[in-house]
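*Asks:* Please see the structure below; I have some questions.
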Amino acid sequence: MIRINLLGQARPKAAKQAVPLEATVQILFACVAIGLAAVILGITYYQQKHQLDETNKRIASLKAEKASLQQIKQDVDRFESEKSVLQQRIDVIETLQRNRSGAQDMLQTVANTVVRIDSLWLTSLDRKGDALELQGEAGSINAVANFITELKKSGYFDQVEIKSAKENDLLPGVETYGFTMTVAVAAPTGGPANAEAVGTTKPPQPAAKGRS
């Protein structure tokens, strides 16, 4: 269909509506704000992610260190247990050595004391706990008294008790006295006392020298 302009005038164009300047500025600020917010959120995200990764690495390192320390603790506990067992064995050995040394010193002290007394000899020696039971023969009561005095002077014995001391006919024509006594060990022997007798000694009997 053909349209004819009978008036001979150009058709007016529709006028364009202008956008207010204030609205344009607001839109621009909104876009800038959104962009800045996106940048800030991105930076914050990467920072937090990096910090989280470092924290996870630290946790893993601490867990590994804890496992290592637990293994070391187990090794230390095992070594302490072995040390305790070894120390107990050493203590037992040292106690036995002290007991043996103490018994030797005690017997040597008794022997030295007997040697210094004329006309006296022992026929038996028994140890029961911290006490000794001595039996012997003497040429006189004075010899027995001297023996007691020398035992006390040794510093090794005390509380000497005479159980019996009487004349006997051990050697015909010679006055002899049999005696039995107990003495307590004054100095510690280096270990617990043994309730059983540790032994009996019978030193050779010298020939009687007669009355002293």
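Just so you know, all these numbers are worked out from the coordinates, no wet-lab data involved. Given the structure is predicted, the values throughout are model-derived calculations rather than measurements. Positions of Cβ are backbone-derived with ideal geometry, glycine not excepted, and every protein chain shown enters the neighbour counts.
*Asks:* If the limit is 26 Å between Cα atoms, which of 128/153; 83/128; 49/73 go over it?
*Replies:* 83/128; 49/73
*Asks:* Can I ask one more? Using r as the Cβ-Cβ distance of residue 64 and residue 28, and R0 as 45 Å, what FRET efficiency do you calculate, to the nearest 0.05?
*Replies:* Between residue 64 and residue 28 the formula returns 0.25.
*Asks:* Work out how much length residue 73 to residue 104 would gain on full extension: take 0.36 nm times their residue separation and subtract the Cα-Cα distance, in nm to one decimal.
*Replies:* Fully extending the segment from residue 73 to residue 104 adds 6.6 nm.
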